[in-house]
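Quick notes on the structure that follows.
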Amino acid sequence: MCGEVVSKYLKKDFPQMDMSNFITNNIDKFTEYWGDEIKIQSRLTGYVLDRPKFLLHLIDEFKNMGGNLLIDKLNHFEEKEKKIKLKIEHSGTISTKFLIIASGPKKPECNISDITRNVYSTLLYQVLVKNYPLEKNCVEFYYDERYKENYKWIFPYRDFVKIGVPFENKDELKKYNNYEIIRKDIKPVCCGILKNYNFNNILVVGDAAYQNNPLTKGGIRNAINAGRMAAEAIMKYNDSSKYDRMWKESGFFTEPYLIASKKLRTMKNIELIHQSKPLQHYPFSLPLILLKYRKYIPLYKLYNASRKYGW
C-alpha cells in the first residue's frame, strides 16, 4: 500500500534516468481542505509513481552494474570485531564489513542492542475505486481534528482513485461504496527519530529507520535519499558514522516534523482553521503572519519545507 505521489524533486534524485517510464499521472493541482471552512488551491508539480515498476528497474540497474541479488530468508546477524555475519536460511553464512538494513516497517532491534528511538506508528486504510470524479492531475487533502495529525487523501492513479484515512476513521469511507472498489489496503506507517542511524558498521534506512515524514507520511524520497547517503558513507568515506551525520543535517531529517506533528495532534478544528487562513494568500500574507500569526511561524516553515522534502 502506498499513495505513490511524489514531488518534482524525484527527477533531481535521478538526474540521469528517464523517469517518464514510471509516471502514471502528472500532478499540477493541490487542493487542501481545513475543517469545513477553508479551501486552498495551489500549483505544485508532482507525479504519481508506479512504484513497483520503478523499484524493479532499480534492481535491474543494480544487476547490470555487476551487483548480485540473493533472494532468501535472513535468520540472524551479528557484528563482532568489525565483521558482520549473516546466517541465511538456504545460503549459509555470509560475512561483510558493512550491512544496510532496509527491512521495511519491521523492527531490527532484536539484533541491535543499543538502538534508542522516539517513534510512533499509525495505521492507515486505503481503497482503490473506479469512476470517482477526480481530475487526473489533481490531489486532495482533508485536515480535520478527527484525523489528529493525519489527513484524508484522494489521489489519482491511472484511471482509478485512491482514497485513504487513518484506520480509526475507516467507517467514513462507507460513503464511497457507491463506486466500484477494486481493492482495500491497511498499512502501519512508522515515523520518528533514532538517536543513531548507524550502529558500528550497521546502517538502517527507510521504514526500518522510521524515516517517513511525520507531517506528510511520505517515505519514498526519504528512503531513496537515505540509501544514497548510506552508500556514499560506505563507498566514498569508508565510514558508516558519516551517514548518521549526513541524514541529521539534511532537510529530510524527521525530528522537526515530528515536533510539528505532535502539535497538530492536539489542535481542534477551530485552531486548525484559524492557523490555515493566511495560507490562502501566501506569500502575500507574510505581513499578516508577522502581525497576527507569529506563534505559528515554526509550523508554517515546516509546511513550506515539506513541499521539498516531505513527498
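The values are calculated or read from the model by the stated rules, or taken from the named source; none is laboratory data. These figures come from a predicted structure and were not determined experimentally. Positions of Cβ are backbone-derived with ideal geometry, glycine not excepted, and every protein chain shown enters the neighbour counts.
Every residue, every condition in (1) farther than 28 Å from Pro156 by Cα; (2) part of a loop (DSSP other than H, G, I, E, B); (3) in contact (Cβ under 8 Å) with a residue 40 or more places away in the chain, yes or no:
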site: Met1; (1), (2), (3): no, yes, yes
site: Pro15; (1), (2), (3): no, yes, no
site: Thr31; (1), (2), (3): no, no, yes
site: Gln41; (1), (2), (3): no, no, no
site: Lys53; (1), (2), (3): no, no, no
site: Ile59; (1), (2), (3): no, no, no
site: Gly66; (1), (2), (3): yes, yes, no
Hey, can you tell me all the residues within the range 220-247 that are of a type in the set (Ser, Thr, Tyr), assigned to a loop (DSSP other than H, G, I, E, B) and in contact with a helix residue (DSSP H, G or I) (Cβ under 8 Å, 6 or more places away or on another chain)?
-> Ser240
Given the conditions (1) surrounded by fewer than 22 Cβ atoms within 10 Å (Cβ to Cβ); (2) in contact (Cβ under 8 Å) with a residue 60 or more places away in the chain; (3) over 27 Å from Ala260 (Cα atoms), and given that Pro156 satisfies all but one, which numbered condition is not satisfied?
-> (1)
Go through the residues of the range 82-91 one by one and say whether even a single one is touching a Ser or Thr at 6+ places or on another chain (Cβ under 9 Å), assigned to a loop (DSSP other than H, G, I, E, B), at pLDDT below 95 and loosely packed, with under 13 Cβ neighbours inside 10 Å.
-> no
Can you give me the ranges of the strands (runs of 3 or more DSSP E) entirely in the range 149-219 with at least 2 residues that are at pLDDT 95 or above and in contact with a helix residue (DSSP H, G or I) (Cβ under 8 Å, 6 or more places away or on another chain)?
-> 160-166
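This table checks each residue for (1) at pLDDT 95 or above; (2) farther than 26 Å from Ile27 by Cα; (3) surrounded by 14 or more Cβ atoms within 10 Å (Cβ to Cβ).
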| position | (1), (2), (3) |
| --- | --- |
| Ala230 | yes, yes, yes |
| Tyr243 | yes, yes, yes |
| Trp247 | yes, yes, yes |
| Phe253 | yes, no, yes |
| Leu258 | no, yes, yes |
| Lys262 | no, yes, no |
| Asn269 | yes, yes, yes |
| Leu272 | yes, no, yes |
| Arg294 | yes, yes, no |
Name the residues in the range 122-139 that are more than 17 Å from the chain's Cα centre (by Cα) and closer than 26 Å to Pro105 by Cβ, would you?
-> Val127, Leu128, Val129
